[in-house]
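See structure below.
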Amino acid sequence: MTEEEIFNKLIDIIKKLFNGSKVFDYEKITFESKPIENLGFSSMDLIMVSFAIESEFNIDIKDLTMSSFSTIREVVNYIMERVNVH
């Protein structure tokens, strides 16, 4: 999978999880967006996103890892490394 494909799937995951419960301008989410600072994710939001990523991409994400990502690009790169290994 390419970086762009993973990014787009990640946006779809976020849309499905938070549809109506969080107000995002999804068009403004970029690789450099910060999940906590820019998107307002709570620690519970990060856990929900990590479970959804695990399910969608069939990979494991440690809870500590998800909260340590500074940007969406870091999340995408993490997924890329694991998906392209399988």
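Table for the structure above
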| read-out | value |
| --- | --- |
| In nm, spacing of pseudo-spin labels at L17 and M44 (7 Å Cα→C-beta vector) | 1.3 nm |
| The chain - accessible surface per residue (Å², probe 1.4 Å) | 61 Å² |
| Hits among lysines - C-alpha to C-alpha of K28 under 19 Å, sequence gap 8 or more where chains match | K9, K15, K16 |
| Whole-percent carbon and sulfur share, accessible surface of the chain, 1.4 Å | 51 percent |
| Mean Kyte hydropathy of -0.5 or more with a Cα span along the axis of at least 18 Å, helices from DSSP in the chain | 3-18, 43-57 |
| Compactness of the chain, expressed as Rg and Dmax over alpha-carbon positions, Å | 11.8, 35 |
| Projected label distance in nm at F51 and T2, using a 7 Å step from Cα toward the beta-carbon | 3.3 nm |
| ³J(HN,Hα), Karplus 6.51/-1.76/1.60, whole Hz, each residue of the range 30-35, x for Gly, Pro | 10, 4, 8, 4, 9, x |
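The values are calculated or read from the model by the stated rules, or taken from the named source; none is laboratory data. Keep in mind the model is a prediction, meaning the values are calculated, not measured. Glycine gets a Cβ as well: all are built from the backbone with ideal geometry, and neighbour counts include every protein chain shown. Only protein heavy atoms, including side chains, enter the accessible area calculation; ligands, DNA and RNA are left aside. Shrake-Rupley method; radii C 1.70, N 1.55, O 1.52, S 1.80 Å.
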